[in-house]
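Please treat every number below as a calculation from the coordinates, not as lab data. Just so you know, these numbers come straight off a predicted model, no measurement behind them. Here the Cβ positions follow ideal geometry from the backbone for every residue, glycine too, while neighbour counts run over all protein chains shown.
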Ligand SMILES: NC(=[NH2+])NCCC[C@H](N)C(=O)O
């Protein structure tokens, strides 16, 4: 077993989790309004106080299992302070807000730079700005004024507590992602500052396999490290096939991955990412949402050895494809909701398939998905149940809410 010597070390989905990155939901959730939920990829408005209590309990459950919990907002502030790049950060953040008026841009910049505490400033950039918060004398631009019923100068970023998506860890590096939506693309700036400037994670200490400036999309919820040899990536509402091909070529050069399996799960809000319908929970066990099984197509991408890749459509059943790729005699697919289509649909919607595996056979799940949880327990898995009544309103579960930084090899 190799020792962990690099700040990012992730060679599986199930190796004992040592260090994980979370974001504690903050005031950005108090800037969700019913008329603009869709634009911000939310389905409902969580009660912040309870969402935070649930999130703290999730973090405590991880700590109780020996996992070190780091927070995105803290790393970003540390990165900015260490490299003394507050103004550069604010300028880049402003450039991505969509604000057009020079006077408003200046007012926002002055407001943020006047905040001495970098951590509080970072939280404010996540929260967004309501129109009532900042007044500028004159100098308004037509483009800022015409959306009169829109209550924000700068949108909040309510999806930040889904740290799984804006970047994804594998081997000793990350893909810093180009996201599907404007609202989530802004989140990747925080990753950029961490991986450019943080004393422990910046300055080339973490490999970079994908960049936020690239033109095609990819999100972390679609990226699953099945083993040190095999990466699975969803072709989904959020991830383009072309991104997978590019990424595979780079990974074959820079890591020991030997296969990238591309899973076509279709473009659908309810199955936005591969990890909403499929996760790995043990050496030979996976959760799956039965609705995607039927038409699922999987392509196997392998290196040709000359810098190019070979792509082949697999013909076999998913069980056999996975068993072969992982060198198992056979694997078990555990169906969300059992065979019952009503339970399956309800519990998938509430992230019943979105398990976070913290060691082989040990998973963190929402307590609310009682039908699926019973089946997981019957399959021999150890369940750590957390509450997610408020957290689930953003459509994400334990896997979406966590980004592994270090896992032990298995
Ligand atoms: N890895 C995941 N499944 N993340 C879920 C993200 C949910 C979020 N509201 C979005 O639509 O982007």
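For residue 70 and residue 304, the difference between the fully extended length at 0.36 nm per residue and the C-alpha to C-alpha distance is 80.4 nm. Looking only at the stretch 364-405, which residues have a backbone nitrogen under 15 Å from a spot 7 Å from the Cα of residue 200 in the C-beta direction? Within reach of a label on residue 200: 403-405. Distance from the alpha carbon centroid of the stretch 345-407 to that of the stretch 172-201 works out to 25 angstrom.
Projected over every direction and averaged, the convex hull enclosing the alpha-carbon atoms of the stretch 152-213 yields 4.7 nm². Picking from 66, 220, 305, which is most flexible by a Gaussian network model of the chain using Cα springs under 10 Å? Maximum fluctuation in the GNM of the chain, among the listed residues, is at 305.
When the chain is treated as a Gaussian network with alpha carbon springs shorter than 10 Å, the biggest mean-square fluctuation among 137, 329, 254 belongs to 137.
Here the stretch 345-405 is treated as a Stokes sphere of Kirkwood radius computed over C-alpha pairs; at 37 °C and 0.692 mPa s its diffusion coefficient rounds to 286 µm²/s. With everything on Cα atoms, drop me the angle between helix 86-95 and the longest principal axis of the chain, reported from 0 to 90° to the nearest 10. Approximately 80 degrees, to the nearest 10. Classify the stretch 232-331 from the C-alpha gyration tensor, please: rounded if a/c falls under 1.5, else prolate or oblate depending on whether a/b exceeds b/c. In terms of gyration-tensor shape, oblate. Looking at the stretch 219-263 from every direction and averaging, what is the projected area of its Cα convex hull in nm²? If I average the Cα hull's projected area over directions, I get 2.7 nm². Anisotropy class assigned to the chain is prolate, per the alpha carbon gyration tensor with a/c at or over the 1.5 cut-off and a/b larger than b/c. With the chain treated as a Gaussian network of Cα nodes joined by springs under 10 Å, which of 131, 74, 385 yields the largest mean-square fluctuation? Highest fluctuation of the listed residues: 131.
Computed over the chain, the per-residue total of -39500 (n - 2.57) for DSSP H runs of n ≥ 4 gives a 222 nm mean residue ellipticity of -8500 deg cm²/dmol, rounded to 500. If you average 1/r across every pair of different Cα atoms in the stretch 29-83 and take the reciprocal, what Kirkwood value do you get, in Å? Answer for the stretch 29-83: a Kirkwood hydrodynamic radius of 13.8 Å.
Projected over all directions and averaged, the alpha-carbon convex hull of the stretch 64-223 occupies 11.0 nm². Taking every pair of Cα atoms in the stretch 149-263, average 1/r, invert it to obtain the Kirkwood radius, and report Rg/Rh to two decimals. Taking Rg over the Kirkwood Rh, I get 1.00.
Annotation: extensible slack from residue 119 through residue 342 equals 75.8 nm (criterion: 0.36 nm per residue apart, minus Cα-Cα distance). Which of rounded, prolate or oblate describes the stretch 15-135 when judged by the alpha-carbon gyration tensor and an a/c cut-off of 1.5? The shape class here is oblate. Rounded to the nearest 0.05, the FRET efficiency derived from the C-beta distance between residue 131 and residue 63 at R0 = 35 Å is 0.30. Residues of the stretch 388-410 falling in the label zone of residue 47, defined by backbone nitrogen less than 17 Å from a point 7 Å along Cα to beta-carbon, are 388-394.
Footprinting exposure proxy ranking of 285, 246, fewest other C-beta atoms within 10 angstrom first, gives 246, 285.
Distance between Cα centroids, the stretch 13-70 to the stretch 73-140: provide it in whole Å. If you average the Cα positions of each part, the centres end up 23 Å apart.
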